Amino acid sequence: EMLRTHLSNLQKAGAAPATVATDKRLRGWDGWTPESIELHLQTRFKQLEITTELELWTEGFRTVEDIHSIMHISKKPPKAKLMATYYQKLTKIFWVSENYLF
């Protein structure tokens, strides 16, 4: 939940115009760089891997939603290996939830 809160705050700060209050609150943050997006994705993919291992399907679905929102921030698509893992875990989550439409 803490990671989700941090992501939400960063998305709000990225969309808001630069103000003094925002600069003080997010000191040292340069915005969404390709490196920061890659690190966020790596963290979320590790979280997704663990949630599926522990069979925490609700948290896994939330993590998939977070990954999807991070991918929309980036201008270039993630690496093919990450996308393969993403779709593999997404398929497993939908299969367990008996949502066969996707």
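The values are calculated or read from the model by the stated rules, or taken from the named source; none is laboratory data. Quick caveat, the model's predicted, so the values are computed rather than measured. Virtual Cβ from ideal backbone geometry, glycine too; neighbours counted across all protein chains shown. Calculation scope for accessible area: heavy atoms of the full protein, side chains included, ligands and nucleic acids excluded. Shrake-Rupley method; radii C 1.70, N 1.55, O 1.52, S 1.80 Å.
Worth pointing out:
- Candidates are the residues of region 28-41 that are free of Cβ contacts under 8 Å to residues at least 12 places away in the same chain and open to solvent by 60 Å² or more (accessible area, probe 1.4 Å); the one that is farthest from Pro78 (Cα to Cα) is Gly28.
- Test: Lys76 is out of contact with any Asp or Glu (no Cβ under 8 Å at 6 or more places or on another chain), at negative phi, open to solvent by 90 Å² or more (accessible area, probe 1.4 Å) and not in a helix (DSSP H, G or I): yes
- From the list Arg44, Arg62, the lone residue that is open to solvent by less than 40 Å² (accessible area, probe 1.4 Å), at pLDDT 70 or above, basic (Lys, Arg) and out of contact with any Gly (no Cβ under 6 Å at 6 or more places or on another chain) is Arg44.
- Boolean, Leu54 is open to solvent by 90 Å² or more (accessible area, probe 1.4 Å) and either over 16 Å from Ser8 (Cβ atoms) or modelled with pLDDT under 90 (or both): yes
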